[in-house]
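Presented below is the structure to which this report refers.
FYI, it's all coordinate maths here, none of it is from the lab. As the structure is a computational prediction, the values presented were derived from the model and not from experiment. Cβ placement follows ideal geometry from the backbone for every residue including glycine, while neighbour counts extend to all protein chains displayed.
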Amino acid sequence: MSTDTRGRFADYGPPRRVDGGLRARSTRGTIGVSWWSRRFLEVLESFALGTRLTRGRSYARAGQVVRLDVAPGVVSAVVQGSRVTPYQVDVVLPPFPARLWARIEAELAAQAFFSARLLAGDLPAELEELFAAAGAPLFPAAVTELDQRCSCPDPAVPCKHLAATFYLLAEAFDADPFTLLHWRGRSRADLLARLRELRVAGSPAAPGAGEPPEPAEDSVRPPARRTSTGRERHGEPPPGRRAADVPAAGAARALADLPAVPLTEAVDRFWLPPVPLPERPPSLTARPDLLLRQLGAPAPAIGGPGLAERLRHAYRQLGG
């Protein structure tokens, strides 16, 4: 940087104070507590950018970031510096194309482990490997993969305004892990709806999984009204109806497609599971903040991510 440039920056002085800015929850040490937010910040911090990162953390903790918005492919922020007019910050990372997301969703839906964790509002660490195997690394391999723009006069990239945005973005990932996936091109609602759809379609008992059944004789006319009997309420077939006509449920539903053979002919495979099991056993835990993770961050009008963090802390205290 030239002497003239240093002189111009020295004239600006400290940043202007902001009322109601987005303030980092971390007040000291590192920022980011989840594995996904730390992995994201590792890319930025691995380049040893020195004082700009230090000043960026100070900006994030002082509430200098006025606004932070995440959309597919772009993170935009408004950061108040020493000038009257705040600076506009944009961090661009191309989202995954639709065909690549379709492949990822099929991989996620094929394993109950991933579906269960995502539906519970969590990102398992194994998710990074799955994305990489699908040819879609979840995190940028280098800071140069990001198109970083700031309207400030500092030619360095990233400048302290961009660094402050990175740190606030990492905390947004902590508050709602689906923010990271939204940036890569899939919102929480769209991804979870697609996983449910694929899981149902892949079920052996799902409509369309096999040959369509022949329509019953009385399916062409509305059934006559009748009242339920005690037998039906207790799961027994009504008089005149065979037990075989009652749709299978539970274990019987999973075993319905297996061939009926004598035990002596199937003893070698009798104890094998009738349906594929996940490659790894699920490790679900009942966390006190499970509902908060499923709902996502509250709207800014009612407190935003800060409200979610306060509620999460209260839940932990009550759950302990």
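Taking other C-beta atoms within 10 Å as the exposure proxy, T179, T27 rank T27, T179 from fewest upward.
Under the rule a/c < 1.5 gives rounded, and otherwise a/b versus b/c splits prolate from oblate, where does region 24-174 land using the Cα gyration tensor? Note, shape of region 24-174 comes out prolate. In order along region 139-153, the Karplus-derived 3J(HN,Hα) couplings, from 6.51 cos²θ - 1.76 cosθ + 1.60 at θ = phi - 60°, round to 10, x, 6, 8, 5, 5, 6, 9, 8, 10, 9, 9, 7, 6, x Hz, and Gly and Pro are given as x. Most tightly packed first, judged by the mean number of other beta-carbon atoms within 10 Å of their residues, the peptides 53-60, 157-164, 113-120, 311-318 read 157-164, 53-60, 113-120, 311-318. Neighbour counting of Cβ atoms within 10 Å sorts the residues I104, I31, I302, fewest neighbours leading, into I302, I31, I104. Full extension of the chain segment joining D190 with E265 gains 22.3 nm, where the gain is 0.36 nm per residue of separation less the Cα-Cα distance.
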